[in-house]
Structures are given as structure tokens and as C-alpha cells.
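Step one of this worksheet: look at the structure below.
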Amino acid sequence: MNPTIRSITEQFPLWRQAAQTHLPALNHDEMHVLIGCGTSYYLAQSVAAALNESGVQALAVPGGEWLHRPESYLPAGTRPHVLAFSRSGESTETVQAAIRSRNEGVHVTALTCEAGSSLAKNADTVLYAPTHPEEGIVMTASASLMLLLGLRLAGLDVTAEGIRASEHLLNEAREGFAAAIAGRSHFVFLGAGSLYGVAQEGALKLQEMSLTYTQAYHPLEYRHGPVSLVDERTVVVLLSHPQRVAEEIKLVGELQSKGARVINFGGSGDLSLEVSGNASIRALSVLPALQMLGECVAQTKGLDTLTPRHLTKVVTLA
């Protein structure tokens with residue numbers, strides 16, 4: 001078992017710890033802007049959707065955009081609460097955006113896996129969850145932990161039963177992935193609502209870990225053009241939304257008729273994996289399995305996921 005697999009399969013005790021962390025209540029009358037880069041931005045998208053669904057106004061913005069062009073996302077003069085996501089707490093755009101926000105009198109909350117980081121030092125509130133000690137360049141356990149903290153802010157109750165269900169899903173998915181991915185080289189991830197950010201994260205993980213072409217879309221948006229790329233080399237990973245079952249069943253049939261092999265978390269497909277709960281619960285539940293999918297595809301190519309091409313553990317700009 002390599003360190004990447006250990007960081008994926010051994011993350012659940014860390015979930016149990018993070019599920020007990022005391023979190024502040026959010027002000028329902030305030031706008032919340034969630035920022036991050038790469039994986040952290042995709043997590044922010046899922047959390048923002050969950051917050052909106054719980055009655056809290058939220059918007060996810062890439063860290064660099066919030067640093068340089070905040071007026072493109074909110075009217076000038078708006079003073080939101082900023083929640084900044086960063087595993088290392090050292091991502092240049094996110095740290096600088098936090099500093100600028102505080103200089104303008106905005107309250108900044110950091111969600112990070114490094115308590116002594118630059119982001120933590122430049123935040124008013126710090127939400128901290130230590131990650132797996134063997135986690136490498138590619139974010140695995142840390143991504144799940146920051147998503148867990150963010151979804152708890154949106155009111156998600158992370159239970160022991162739910163954590164066990166996610167671990168079971170990971171093991172079940174790992175057993176089925178080999179047949180599902182055999183002979184396939186084009187991967188598409190689909191998710192709606194709070195599952196969309198996680199779909200993007202799944203696509204990013206597979207791309208980083210296996211140097212494979214990936215795409216991510218909302219399920220019905222995929223039919224408006226991108227579906228032209230589907231053929232016998234395609235795997236579609238569908239994160240089924242509990243409120244869109246009938247629509248997504250039709251979509252699965254269409255994709256299979258065009259040659260795609262479908263891995264469906266929460267619905268029927270060539271590989272059907274059972275997931276229950278609302279969309280936010282599913283977003284957290286499926287994430288370790290999506291991380292393992294990247295590792296499985298990398299193994300078919302003989303690639304070492306500890307040394308992904310052109311990537312570093314912390315992205316900084318001079």
C-alpha cells in the first residue's frame with residue numbers, strides 16, 4: 001500500500017476528530033464569500049451551494065479573483081464575511097486576498113490544515129483540522145476535512161454512521177473501478193447543486209494523479225455540446241442528485257447509447273454505487289472514492305501519484 005492509498009483509506013479517524021470541532025455560528029443576515037485556489041476553490045463551491053440551501057447567502061470566488069477583482073462578484077462597498085480555504089495556508093492568492101479583506105475591515109475565517117500558517121496568522125477566526133501525515137502533493141484527506149468543516153457550517157450533521165457509510169462506499173467503489181475504467185481514456189464528472197464542486201474536484205484529482213483528460217459539468221449542461229466527445233473511450237462519473245433522479249436516469253441511458261461507461265454514485269449505471277442522504281451529505285460521502293479513482297487510473301498507467309508532473313505541494317507566486 002503506497003502513501004497515497006494510506007492517506008485516502010486512513011482519513012476517517014481524522015473525520016471523527018473534525019466532526020467534534022467546535023464551530024462558530026454564521027450570521028444569516030450577512031453575505032459570505034468563500035475563496036480558495038484549485039481544490040480549495042472547488043470545495044468552496046460545494047460549501048457555498050450548501051450554505052445557500054440552508055438559508056445563508058454565499059458565493060464562491062477563486063482566490064486570485066477576489067484579490068484583484070472583487071467588484072466583479074459583489075458591488076463595490078459590500079462588506080461580506082470571507083471564508084478562506086487552504087490546506088497549507090500558504091497559497092499566495094488566498095493569503096493576499098485574506099490580508100486585503102482584513103485591511104478593508106472584513107472579517108476573515110480561515111479553514112486550513114496548518115494551524116501556524118500565514119493564512120491562519122492573517123485571519124480573525126481559524127478552523128483547523130490536521131491532515132494525514134503521509135499526504136503528498138495531491139490533496140486527499142485534507143480536501144475531505146476542509147469540506148467536512150465547511151458543510152458543518154452549513155448545518156450538516158456528520159455522524160459516526162455517515163462516516164462508516166463513506167468508508168464502506170470507498171471500499172466498494174475500489175473493488176468495482178478496475179472493470180469500469182478498463183480501456184477508457186476520457187473521463188467526465190457530472191454533479192448538480194452542492195455536488196458540482198465535488199464533481200470538479202473529482203475531475204481535478206484524476207487529472208493530477210493520472211495525467212488523463214477530464215471534464216466536469218452540471219448533468220444536463222453536458223448534453224449542450226460537450227456530449228459530442230462521448231465514445232467508447234469515455235467514462236462518465238455521475239454524482240446523482242436525490243432531487244433529479246428521473247432526469248438523470250434518462251441521461252445515463254443517452255450516454256450509454258453513445259458508448260460511454262457510467263459510474264453512478266446514487267443511481268443506476270455500469271457500476272452502481274449506493275449513496276443516501278441529501279446532496280450535501282453525498283458530496284462528503286463520495287469524495288474519498290473519487291480520490292481513489294484517480295489512484296486507480298494512475299496505476300493502470302504505471303504513474304506514481306506522489307510525484308505528479310509539474311505540481312508542487314504549495315503554489316506560491318513570486
Legend entry - Restricting segment 113-149 to residues that are closer than 16 Å to residue 198 by Cβ and polar (S, T, N, Q), the residue that is surrounded by the fewest Cβ atoms within 10 Å (Cβ to Cβ): 142
Inset, instruction - Select from segment 133-169 the residues that are among the small types (Gly, Ala, Ser) and either without any contact (Cβ under 8 Å) to a residue 40 or more places away in the chain or assigned to a helix (DSSP H, G or I) (or both) and list them in ascending order. - result: 141, 142, 143, 144, 150, 160, 162, 165, 166
Inset, instruction - Check residue 270 against each of (1) farther than 21 Å from residue 288 by Cα; (2) surrounded by fewer than 18 Cβ atoms within 10 Å (Cβ to Cβ); (3) in contact (Cβ under 8 Å) with a residue 40 or more places away in the chain and name the one condition it does not meet. - result: (1)
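Rundown of residues vs (1) without any contact (Cβ under 8 Å) to a residue 40 or more places away in the chain; (2) buried (at least 22 other Cβ atoms within 10 Å of the Cβ); (3) of a type in the set (A, V, I, L, M, F, W, C), yes/no style:
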site	(1), (2), (3)
184	no, no, no
187	no, yes, yes
206	no, yes, yes
227	yes, no, yes
263	no, yes, yes
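Filter segment 1-39 down to residues that are touching a Gly at 6+ places or on another chain (Cβ under 8 Å) and under 20 Å from residue 134 (Cβ atoms) and give me whichever is most open to solvent (accessible area, probe 1.4 Å).
Residues of segment 1-39 touching a Gly at 6+ places or on another chain (Cβ under 8 Å): 3-4, 7, 28, 34-37.
With the extra rule that they be under 20 Å from residue 134 (Cβ atoms), the set shrinks to 3-4, 7.
Numbers: 3: 33, 4: 11, 7: 2 Å².
Within segment 1-39, the match that is most open to solvent (accessible area, probe 1.4 Å) is 3.
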Inset, instruction - Determine whether segment 61-75 contains at least one residue that is within 18 Å of residue 43 (Cβ to Cβ), open to solvent by 20 Å² or more (accessible area, probe 1.4 Å) and part of a strand (DSSP E or B). - result: yes
Legend entry - Sole residue being more than 24 Å from residue 54 (Cβ to Cβ) and either in contact with a Gly (Cβ under 7 Å, 6 or more places away or on another chain) or aromatic (Phe, Trp, Tyr) (or both), chosen from 245, 262: 262
Inset, instruction - Return yes or no: is residue 89 part of a helix (DSSP H, G or I) and farther than 23 Å from residue 193 by Cα? - result: no
Inset, instruction - State yes or no: is residue 285 under 18 Å from the mean Cα position of the chain (by Cα), at pLDDT 90 or above and either open to solvent by 10 Å² or more (accessible area, probe 1.4 Å) or at positive phi (or both)? - result: yes
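Give the residue, chosen from 88, 101, that is assigned by the TED database to the domain that holds residue 22 and in contact (Cβ under 8 Å) with a residue 40 or more places away in the chain. Show your work before the answer.
Numbers: 101 fails: in contact (Cβ under 8 Å) with a residue 40 or more places away in the chain.
Just one listed residue meets the conditions, 88.
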Legend entry - Which listed residue, of 252, 297, is within 22 Å of the chain's Cα centre (by Cα), of a type in the set (A, V, I, L, M, F, W, C), in a helix (DSSP H, G or I) and not assigned by the TED database to the domain that holds residue 40: 297
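The values are calculated or read from the model by the stated rules, or taken from the named source; none is laboratory data. For clarity, every value in this text was computed on a predicted model and none was experimentally measured. When we count neighbours, we look across all protein chains shown, and the Cβ atoms used for this are built from the backbone with ideal geometry, even at glycine. Heavy atoms of the whole protein, side chains included, go into the accessibility calculation; ligands, DNA and RNA do not. Shrake-Rupley method; radii C 1.70, N 1.55, O 1.52, S 1.80 Å.
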